[in-house]
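The values are calculated or read from the model by the stated rules, or taken from the named source; none is laboratory data. Just so you know, these numbers come straight off a predicted model, no measurement behind them. A quick note on method: Cβ atoms are made from the backbone with ideal geometry, for glycine too, and the neighbour counts reach across all protein chains shown. Surface accessibility is based on the protein's heavy atoms, side chains included, excluding ligands, DNA and RNA. Shrake-Rupley method; radii C 1.70, N 1.55, O 1.52, S 1.80 Å.
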Amino acid sequence: MTTARDLAIVALEVARNRSLEQGDLSLALAGAELLDLVDAGAIALDDDRIVPGPQAATGDRLLDEATTSLVRQEPYETVEDWLWRRGSELAAAYVDDLEKIGLTTRRRGGRLPLLSGRTVPVDSPARSGAEERRASGEPVLAALAAAAGVDDKEPEFDEKLVGEAATTVLAAVGDAVMELEAVRQRRAIESSAFDNVWRGGV
């Protein structure tokens, strides 16, 4: 199993009891994919630039899709740009993929299964592995889960233990999630101000 799939599975577990922001999870999944691609030797990070390696199948459909979408011309894509581009609707893509390969089942109803908790993991070695990895406090998954809102506590990790690439990606994911939250807050304020003006004019 990949880090991205492990993150998607634990997110679906949490979504049974509380809603998650799909945008936050999508950004975290995009970061997880980068780390999976680093582990697979498909990319390397040069500072904050994603340098593609030889194109080869990873054995994972969504990771293969991610590999084919890499920018292969210099100066290459930054990690931040990748998160926003690849992260668009990525949570929904993982929900669909997990269902296709038989790792989840969908309850009836609901337009946004991830947010409504209507898609749930089935008992499987993949689910057990993801839960064990989360329970162990493995620092990379823990940091991604915190960024996605799966876990409330922000984990502490040693850069020497997780490596420079993971540190770069996790920092970028954290920044992107904070930026997305700032956008949400700004829109909420603007919407509230508009409603107040509208009511005042009636």
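Values computed for the structure shown
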{"quantity": "Long-range neighbours under 9 Å by Cβ, at least six apart or interchain, first residue β-branched (Val, Ile, Thr) within region 155-167, second assigned to a loop (DSSP other than H, G, I, E, B)", "calculated": "167/157"}
{"quantity": "Matching residues in region 37-68 - criterion: being closer than 21 Å to residue 88 by Cα and either hydroxyl-bearing (Ser, Thr, Tyr) or in contact with a Leu (Cβ under 6 Å, 6 or more places away or on another chain) (or both)", "calculated": "43, 52, 67, 68"}
{"quantity": "Odd one out for residue 76, checked against (1) open to solvent by 50 Å² or more (accessible area, probe 1.4 Å); (2) closer than 21 Å to residue 143 by Cβ; (3) at pLDDT 95 or above", "calculated": "(2)"}
